[in-house]
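Novice: Input: one structure, supplied below.
The values are calculated or read from the model by the stated rules, or taken from the named source; none is laboratory data. In this text the structure is predicted, and so the values were computed from the model without any measurement. Note: ideal-geometry Cβ built from the backbone for every residue, glycine included; neighbour counts use all protein chains shown.
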Amino acid sequence: MKSKLKRFEIIANRENVIEPGKPLFNSIKGKWNSDYFKNDQPITIELACGRGEYSVNLARQFPNRNYIGVDKKGDRLWKGSTWAVEDGLANVAFLRTGILFIESFFEAGEVDEVWLTFPDPLPRKRDAKRRLSSSRYIDMYKKILKPGGFFRFKTDNTDLFNFTLEELNDRNDMIDFEFTHDLYQSTLRPECHDIKTKYEEMFAAQGEVIKYLRFRFSH
């Protein structure tokens, strides 16, 4: 296994990883299609993407869309970046930043779809506002999403899923809202394209039931 330092060195020289110190890092906002992908395809972002399983596999399945995996851990992004290079995928990129700063990298309405896959549940009550499915973050996603764009969320964590449902219950700006506490037995399963992250496979093998929800903003 390559050391973290070696992985950092590799992604520092890869075009498909946008990170601090690279020219596009400070100028990419609003210009993903013009300056990176060089096309007009719709953009999907995967937040807290980890190794980027969703970004890479969606890019494989849907070559007419662009995908961006976002995570602050460079050694994780190395894996997805490597898969993309090995498969010659030009429609997937990775952004190294914290989700808190997402509005610094995407213009209002620049994103067509947002995936949040297996984020850290941050179980302590005092960390509720830091959870990536809290209202604070949902409001950020709304700003960068195009009207009619879907927000999709998967987790194995029951407490986090219930917390998210409670956060969404207070909103009056959602349409097409559906959820399931058992994705594999749900009619919503095809929407997830049977892509499984490392954590999903691990938790499912331990008997955890996978939860999923999605909705669009009405305004």
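Novice: When the residues of the stretch 1-49 are filtered to those that are among the hydrophobic types (A, V, I, L, M, F, W, C) and farther than 22 Å from Glu103 by Cβ, which remaining residue is modelled with the lowest pLDDT?
Specialist: Here the residue is Met1.
Novice: Could you please give the count of residues in the stretch 74-116 that are more than 23 Å from Arg7 (Cα to Cα) and either modelled with pLDDT under 95 or not in a loop (DSSP other than H, G, I, E, B) (or both)?
Specialist: Residues that pass the stated criteria total 11.
Novice: If you take the residues in the stretch 66-99 that are under 14 Å from the mean Cα position of the chain (by Cα) and of a type in the set (Lys, Arg), which one is nearest to Leu132 (Cα to Cα)?
Specialist: Lys72
Novice: Being at positive phi and among the charged types (D, E, K, R) is the filter here, so list the residues in the stretch 5-40 that pass it.
Specialist: Lys38
Novice: Write out, first by first residue and then by second, each pair whose Cβ atoms fall under 6 Å of each other, whose residues are 6+ apart or on separate chains, and whose first residue, in the stretch 180-200, is at pLDDT 95 or above while the second is surrounded by 15 or more Cβ atoms within 10 Å (Cβ to Cβ) and of a type in the set (Gly, Ala, Ser).
Specialist: Listed by first residue and then by second, the contacts come to Thr180/Ser186.
Novice: In addition: Does the stretch 143-156 contain at least one residue that is touching a His at 6+ places or on another chain (Cβ under 9 Å) and over 18 Å from Tyr54 (Cβ atoms)?
Specialist: Yes.
Novice: Here is a follow-up. Pull up the stretch 43-63, narrow it to residues that are among the hydrophobic types (A, V, I, L, M, F, W, C) and farther than 8 Å from Gly80 by Cβ, then point me to the one that is nearest to the chain's Cα centre (by Cα).
Specialist: Looking at residues that are among the hydrophobic types (A, V, I, L, M, F, W, C) and farther than 8 Å from Gly80 by Cβ, I get Leu47.
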